[in-house]
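What follows is a single structure, written as structure tokens, with notes after it.
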Amino acid sequence: MSLDLRLPLGLLFAVLGLLLTAYGLLGNAAVYAVSLGINVNLWAGLGMLAFGALMLAGVWLGTKGTKPE
Amino acid sequence: MTLHGIDYAIIAIYFVFVLGIGAALKRFMKTSLDFFESGRSLAAWITGLAFISANLGAQEVIGMAASGAKYGIMTSHFYWVGAIPAMIFVGVFMMPFYYGSRAHSVPEYLRLRFDEKTRALNAISFAIMTLFSSGISMYVMGRLFQLLLGWDINVSIVVSAAVVLVYILLGGLTSSIYNEVVQFFLIVFGFLPLAVVGIMAAGGWTGLQERLGPVATNAGFAAGAWTQSWQHMGSPQANPMGVEWFGMAMGLGFVLSFGYWCTDFLVIQRAMAAKSMNAARRTPLLAAIPKMFFPFLVILPGMIAIALLPAGAFVFNGKTDYNMAMPLMLQKFYPPGLLGLGLTALLASFMSGMAGNVTAFNTVWTYDIYKAYLHPNAGEADYMRMGRIATVVGTLASIATAYVAMMFGNIMDLLQLVFSFINAPLFATFLLGMFWARATANGAFWGLISGTLAAATHYGLTGVGAEAASRLHMYPSDMAQNFWGAIWAWSTCFVVTIVVSLVTRPRDGADLKGLVYSLTPRITEEGIAWYRRPAVLAIVVGVLTVGLNVYFW
């Protein structure tokens with residue numbers, strides 16, 4: 001048995017997703033002039049957060065379902 | 001390009017995680033099997049994503065966007081013709097021999113199937129090529145970040161090499177593979193918004209087609225030359241690549257692509273780390289699914305760049321350099337935040353490309369050179385120690401090559417040319433080795449040597465454009481010369497291997513069990529769910545790839 005990759009993968013993307021989401025919500029909206037007025041940080045942040053949460057949920061369900069070896 | 005606090009924060013978090021993964025894996029690295037082969041324990045989705053990410057280095061992200069700008073959608077041939085068919089073939093037909101023979105490496109398979117000298121030839125040339133490609137990718141990265149952000153090139157090279165060194169020493173191949181998977185998702189999240197915002201700015205696919213029309217006609221081609229992948233391939237003069245369909249399909253689609261995806265230990269090593277034969281076979285097939293959509297992430301931004309940016313944007317110091325297509329797009333469309341993510345994805349792809357080379361090198365060095373010729377009967381601990389030493393030496397040698405690249409750009413071009421001569425005939429050897437029991441060791445060895453000589457001779461006798469006046473044959477472009485050189489090399493190796501095999505003594509069939517198709521029992525797929533069967537996956541991947549080719553015809 002080795003380290004479950006979904007754990008660091010989920011953590012990394014949850015952290016990065018939170019950071020980008022917060023920056024998108026709280027940061028200066030003027031910076032989005034370059035990206036056609038779309039708050040791309042918010043969208044990308046939410047996407048990464050969802051992906052991170054999915055990976056972590058997988059780890060959590062996995063440890064519940066299998067007996068420790 | 002200026003970075004803000006948020007961008008630096010994203011880059012910093014990534015570095016912390018990369019090193020953290022290495023540290024967390026340290027306690028699982030007990031034997032050389034763990035260190036070099038991840039204990040053959042990984043799930044297919046992990047090895048599959050690592051399979052494509054190991055190849056996703058400097059060339060892919062920067063180079064494919066550059067080709068997108070220079071050649072348009074035809075660049076997709078490097079995926080839909082030059083990668084997917086070979087990935088299907090290696091998964092369905094070749095993986096049973098790599099994984100099933102219990103060889104530690106691709107060169108070791110050659111020893112089991114043929115003999116020591118064929119293995120030595122392959123192992124030594126692979127080890128040298130790996131170090132050079134690792135060094136070149138380090139140099140490219142250092143120069144890019146110097147150009148974009150003003151980072152000192154020496155610091156970039158040393159810091160990235162140090163991080164890679166630490167995480168491989170800690171977690172071996174598993175570390176490298178895990179970081180490749182992380183990099184894959186960083187690339188997706190970092191570059192997908194660029195493709196989406198870019199295509200919106202261009203007015204959708206139809207808008208992009210309209211804008212690329214004048215780009216094509218100004219260059220002297222039909223209006224659709226940048227947006228139709230096959231229609232202008234009747235003659236090399238009708239398309240910007242300067243290649244006709246036959247050279248493309250045979251040279252790139254068959255010889256070069258199969259030679260890389262089916263025999264290069266860098267990618268095969270990922271599949272061999274899988275936990276079962278079925279997982280190993282599904283590795284390249286699962287990898288093919290994201291791979292076929294990569295053109296939208298890496299080629300499309302280049303096409304959008306040439307459509308939207310003024311022509312002068314690509315001129316640096318009086319020379320046109322399409323390699324800046326991707327960085328220019330990031331600069332144009334990304335605000336702080338995503339810019340940091342995009343650059344992190346680039347950094348990650350450079351670093352994991354390097355890590356892939358270093359892990360392939362330490363395995364081939366330890367098993368195929370050190371254990372085979374220098375110290376055959378050492379114990380387990382000794383090979384583990386040698387693996388760590390090889391990791392350090394390999395990283396240092398990569399740094400040295402990066403500096404050689406910096407100082408003598410021309411020598412690097414020459415070396416890459418020589419490497420292409422060595423690689424071109426390889427697939428003929430493996431194809432005959434795996435599917436023709438009569439092929440002998442001497443046949444394989446002399447086939448490889450003569451194939452490489454044929455590639456070199458072809459290069460010497462032909463030329464491109466004006467320089468070709470005194471040569472035997474003139475090709476319309478470098479790419480055409482390269483593809484046809486590969487075709488000649490492969491055919492020579494194929495014929496010489498057969499002829500020499502027929503006049504040398506064959507091996508006893510009993511020795512070849514598990515190494516040759518006709519002498520190996522078929523793998524039973526009973527009890528495996530239909531969606532986990534390699535054949536089913538292969539058909540799905542094949543149909544999707546044909547669909548993409550037809551859609552962008």
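One line per residue, one yes/no per condition, for (1) modelled with pLDDT of 95 or more; (2) facing chain B (nearest Cβ under 8 Å); (3) in contact with a Lys or Arg (Cβ under 6 Å, 6 or more places away or on another chain):
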residue	(1), (2), (3)
A:L5	no, yes, no
A:T21	yes, no, no
A:G27	no, yes, no
A:A30	no, no, no
A:G65	no, no, no
Taking helices (runs of 4 or more DSSP H) that do not extend beyond the stretch B:1-111, which have at least 2 residues that are within 14 Å of chain A (Cβ to nearest Cβ)? B:5-25, B:32-37, B:44-53
Could you say whether any residue in the stretch B:344-366 is more than 14 Å from chain A (Cβ to nearest Cβ), of a type in the set (G, A, S), within 18 Å of B:L33 (Cα to Cα) and surrounded by fewer than 24 Cβ atoms within 10 Å (Cβ to Cβ)? no
Matching residues in the stretch B:43-60 - criterion: being over 12 Å from the mean Cα position of the chain (by Cα) and of a type in the set (A, V, I, L, M): B:A43, B:A44, B:I46, B:L49
Could you please let me know if A:G24 is touching a helix residue (DSSP H, G or I) at 6+ places or on another chain (Cβ under 7 Å), over 17 Å from B:F333 (Cβ atoms) and assigned to a helix (DSSP H, G or I)? no
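Yes/no matrix, rows are residues, columns are (1) over 24 Å from B:V255 (Cα atoms); (2) buried (at least 24 other Cβ atoms within 10 Å of the Cβ); (3) over 24 Å from the mean Cα position of the chain (by Cα); (4) not β-branched (V, I, T):
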site	(1), (2), (3), (4)
B:V18	yes, yes, no, no
B:S41	yes, no, no, yes
B:M64	no, yes, no, yes
B:S76	no, yes, no, yes
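Looking at B:G213, B:G198, B:G204, can you tell me which residue is more than 25 Å from B:A12 (Cα to Cα) and either more than 14 Å from every other protein chain (Cβ to nearest Cβ) or polar (S, T, N, Q) (or both)? Give the steps one after another, and end with the answer.
Working: B:G198 fails: either more than 14 Å from every other protein chain (Cβ to nearest Cβ) or polar (S, T, N, Q) (or both); B:G204 fails: either more than 14 Å from every other protein chain (Cβ to nearest Cβ) or polar (S, T, N, Q) (or both).
Just one listed residue meets the conditions, B:G213.
Just to be sure, is B:I153 touching a Lys or Arg at 6+ places or on another chain (Cβ under 8 Å), more than 30 Å from B:K275 (Cα to Cα) and of a type outside the set (K, R)? So that I can check it myself, show each step before the final result.
Details: touching a Lys or Arg at 6+ places or on another chain (Cβ under 8 Å): yes; more than 30 Å from B:K275 (Cα to Cα): yes; of a type outside the set (K, R): yes.
So B:I153 passes the test.
How many of the residues in the stretch A:32-42 are assigned to a helix (DSSP H, G or I) and facing chain B (nearest Cβ under 7 Å)?
Restricting attention to the stretch A:32-42, the residues satisfying the condition of being assigned to a helix (DSSP H, G or I) are A:32-33, A:40-42.
Narrowing the set further to residues that are facing chain B (nearest Cβ under 7 Å) leaves A:32, A:40-41.
Total meeting the criteria: 3.
Please report, ordered by residue number, the helices (runs of 4 or more DSSP H) entirely within the stretch B:405-510 with at least 3 residues that are open to solvent by 30 Å² or more (accessible area, probe 1.4 Å) and within 30 Å of B:M141 (Cα to Cα).
Output list reads B:409-423, B:478-503.
Can you spot a residue in the stretch B:110-128 that is over 27 Å from B:A195 (Cβ atoms), among the hydroxyl-bearing types (S, T, Y) and in contact with a helix residue (DSSP H, G or I) (Cβ under 9 Å, 6 or more places away or on another chain)? Give the derivation first.
So the first thing to find is which residues in the stretch B:110-128 are over 27 Å from B:A195 (Cβ atoms), and the list is B:110-128.
After this cut, where a residue has to be among the hydroxyl-bearing types (S, T, Y) as well, the list is B:118, B:125.
Next cut, in contact with a helix residue (DSSP H, G or I) (Cβ under 9 Å, 6 or more places away or on another chain) only: B:118, B:125.
Yes, because at least one residue in the stretch B:110-128 is over 27 Å from B:A195 (Cβ atoms), among the hydroxyl-bearing types (S, T, Y) and in contact with a helix residue (DSSP H, G or I) (Cβ under 9 Å, 6 or more places away or on another chain).
Identify, from the list B:P310, B:P301, B:P295, the residue that is more than 30 Å from B:I528 (Cβ to Cβ), touching a residue at least 60 places away in the same chain (Cβ under 8 Å) and over 18 Å from the mean Cα position of the chain (by Cα). Reasoning before the result, please.
Values: B:P310 fails: touching a residue at least 60 places away in the same chain (Cβ under 8 Å); B:P295 fails: over 18 Å from the mean Cα position of the chain (by Cα).
Only one candidate qualifies: B:P301.
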Regarding B:G224, is this residue in a loop (DSSP other than H, G, I, E, B), free of Cβ contacts under 8 Å to residues at least 40 places away in the same chain and either open to solvent by 10 Å² or more (accessible area, probe 1.4 Å) or closer than 30 Å to B:N362 by Cα (or both)? no
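Evaluate the following for B:V543: is it in a helix (DSSP H, G or I) and open to solvent by 90 Å² or more (accessible area, probe 1.4 Å)? Spell out the reasoning first.
Details: in a helix (DSSP H, G or I): yes; open to solvent by 90 Å² or more (accessible area, probe 1.4 Å): yes.
Answer is yes for this residue.
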Subset of the stretch B:93-119 (residues that are open to solvent by 30 Å² or more (accessible area, probe 1.4 Å) and among the aliphatic types (A, V, I, L, M)): B:L112
Counting only residues that are at the interface with chain B (Cβ under 7 Å from one of its Cβ atoms) and under 26 Å from B:M329 (Cβ atoms), which one in the stretch A:7-19 is surrounded by the fewest Cβ atoms within 10 Å (Cβ to Cβ)? A:L19
Matching residues in the stretch B:165-185 - criterion: being of a type in the set (A, V, I, L, M) and either open to solvent by 10 Å² or more (accessible area, probe 1.4 Å) or within 21 Å of A:L16 (Cβ to Cβ) (or both): B:L165, B:V166, B:L169, B:L170, B:I177, B:V181, B:V182
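The values are calculated or read from the model by the stated rules, or taken from the named source; none is laboratory data. The structure presented is a predicted model; accordingly, all values stated were derived computationally and were not measured. A quick note on method: Cβ atoms are made from the backbone with ideal geometry, for glycine too, and the neighbour counts reach across all protein chains shown. Ligands, DNA and RNA are stripped out before the accessible areas are found, and what is left, the full protein with its side chains, is counted by its heavy atoms. Shrake-Rupley method; radii C 1.70, N 1.55, O 1.52, S 1.80 Å.
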